[in-house]
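**Q** Before I ask anything, here is the structure I am working with.
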Amino acid sequence: MKIQLDIEPLDNKLSNKKWPFLIAGPCSAETEEQVISTAKELVKLGKVSAYRAGIWKPRTRPGMFEGVGEIGLQWMQNAKKETGMMLATEVANVEHVEACLKYGIDILWVGARSTANPFTVQSIADALKGTGTTVFVKNPVNPDLQLWIGALERINRAGIKKLGAIHRGFSPFQKMVFRNDPTWSIPLELKTLCPNLPIICDPSHITGNRELIGFMSQKALDLDMDGLMIESHLNPDAALSDAAQQLTPRDLDRVIFDLVLREPISNNQEFRTQLDTLRSEIDQLDEDIIQKLSSRMRIARKIGEYKKANDVTIFQMNRWEQLMEARIAIGSAMGLSEQFMKGMLQHIHQESIRIQTEVMNSDNPK
Ligand code: PEP
Ligand code: MN
């Protein structure tokens, strides 16, 4: 089922260049000089649609730099006077919204921690009623697509039609190479459910590492994201927040230069025919796989019935270990990675156990 959002296209002076919507600027506004000089460097790149700077910083622990507050909006307004760039910042409560409206901030975004709280989102939505502002909603810190959609709906129902989503990854359960887990299936599902909603990717907060921003930006564009939000600071190592993940405007220029913009579909007829042929082969193979899985589960059910009749437990560790080992070896001989094989076998095994548990607990006489 598609989600109905009443959406209008975003304003973008650069859109005629077929360039993705790019928001760039420092994690935080720190001084007036920093806000204005950074904007001047970024406008020179000719690729930045809006200038970001965090004014109120939602920090995980108290005592860290919490932002300069309202004075920073004045600095941003001055940066706009100098460069003409649209302005973007994060709002987390009604006072922030009101202050941003007062200083003519063009784009407001709801941060990941706020999106996770429907009360906060609703109060922001109420404050935005009738303003016609452009609003982006970052994904919540937890991987909950419904919570993300709910926040977008609340803002949209307040009459905000210039609406977009920002994918910034999800707090990881365990330490991983990225700061936040991208879990691409979630933004891709959002794209499927809301095809007219622009979704941009924030590779700075996903990777937490300036060396990986180019890689993650390319990945986002290859997955058909509509734009990027990238943190840029004149002297990243001295930044008061998120130092490790900010790029100098010069390094950002290089990242942008290296990006390859691929078309979702090519007009070349031969390419299309080839693609259609290969896709129908994939469709056929998927059908075969589904049929085989269904047969496998039918047999698992039968085994469950035998186990029940003979009072044997569902799970036998030895058998499972041997099976995993043997299948992974075959898979790797056929060019499938160990990680893929493990994940797939675990899924299949879980479904078998579910079916056998159902059989075990059914009331059929032995
Ligand atoms: C930010 O954009 O600086 C920020 C705090 O982001 P997030 O809400 O994604 O953590
Ligand atoms: Mn940041």
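The values are calculated or read from the model by the stated rules, or taken from the named source; none is laboratory data. No experiment lies behind these values; they were computed from the predicted model shown. As a convention, Cβ positions derive from the backbone with ideal geometry for all residues, glycine included, and neighbour counts pool all protein chains shown. Just so you know, the surface numbers come from the protein's heavy atoms only, side chains and all, with ligands and any DNA or RNA stripped out. Shrake-Rupley method; radii C 1.70, N 1.55, O 1.52, S 1.80 Å.
**Q** If the limit is 18 Å between Cα atoms, which of Lys129/Lys162; Lys13/Lys47; Lys162/Lys219; Lys47/Lys80 go over it?
**A** Lys162/Lys219
**Q** Follow-up. Could you give the accessible area per residue of the chain, probe 1.4 Å, as a whole number in Å²?
**A** In whole numbers, the chain has 54 Å² accessible per residue.
**Q** Between Gly164 and residues 5 or more places away or on another chain, which pairs have amide H atoms under 5 Å apart, with H built 1.01 Å from N, and which residues are they?
**A** The answer is Val135, Phe136, Val137.
**Q** How would the range 233-303 be classified by its alpha-carbon gyration tensor: rounded, prolate or oblate, with rounded meaning a/c under 1.5 and the a/b versus b/c comparison settling the rest?
**A** Judged from the Cα gyration tensor, the range 233-303 comes out oblate (a/c at least 1.5, b/c at or above a/b).
**Q** Antiparallel as a % of all DSSP beta bridges within the chain, to the nearest 5?
**A** 5 percent
**Q** Counting only residues 5 or more places away or on other chains, whose amide H sits under 5 Å from the amide H of Gly67 once H atoms are built in the peptide plane?
**A** Hits under the 5 Å cutoff: Lys57.
**Q** Let me ask something additional. First check a/c for the range 1-151, with a ≥ b ≥ c the square roots of the eigenvalues of its C-alpha gyration tensor; if it is under 1.5, answer rounded, and if not, answer prolate when a/b is larger than b/c or oblate otherwise.
**A** Judged from the Cα gyration tensor, the range 1-151 comes out oblate (a/c at least 1.5, b/c at or above a/b).
**Q** Once you list every other residue whose beta carbon is under 15 Å from the beta carbon of Asp276, what net charge do they have if Lys and Arg are +1 and Asp and Glu are -1?
**A** Neighbour charge sum, excluding Asp276 itself: -1.
**Q** Let me know the number of lysine pairs in the range 282-366 closer than 23 Å at the Cα, not counting same-chain pairs under 8 apart.
**A** Lysine pairs meeting the criterion: 6.
**Q** Here is a further query. In whole percent, how big is the carbon plus sulfur part of the accessible area of the chain, probe 1.4 Å, protein atoms only?
**A** Summing carbon and sulfur atoms, their accessible area is 54 percent of the total for the chain.
**Q** Related question: Using a Gaussian network for the chain with springs between C-alpha atoms less than 10 Å apart, which of these wobbles most: Ser280, Ser217, Ser37?
**A** Ser280
**Q** With a ≥ b ≥ c the root eigenvalues of the C-alpha gyration tensor of the range 307-366, is it rounded (a/c under 1.5), prolate (a/b larger than b/c) or oblate?
**A** Prolate shape, in that a/c is at least 1.5 and a/b is the bigger ratio.
**Q** If you average the sequence gap of Cα pairs under 8 Å that are 6 or more apart and divide by the length of the chain, what percent do you get for the contact order?
**A** It rounds to 13 percent for the chain.
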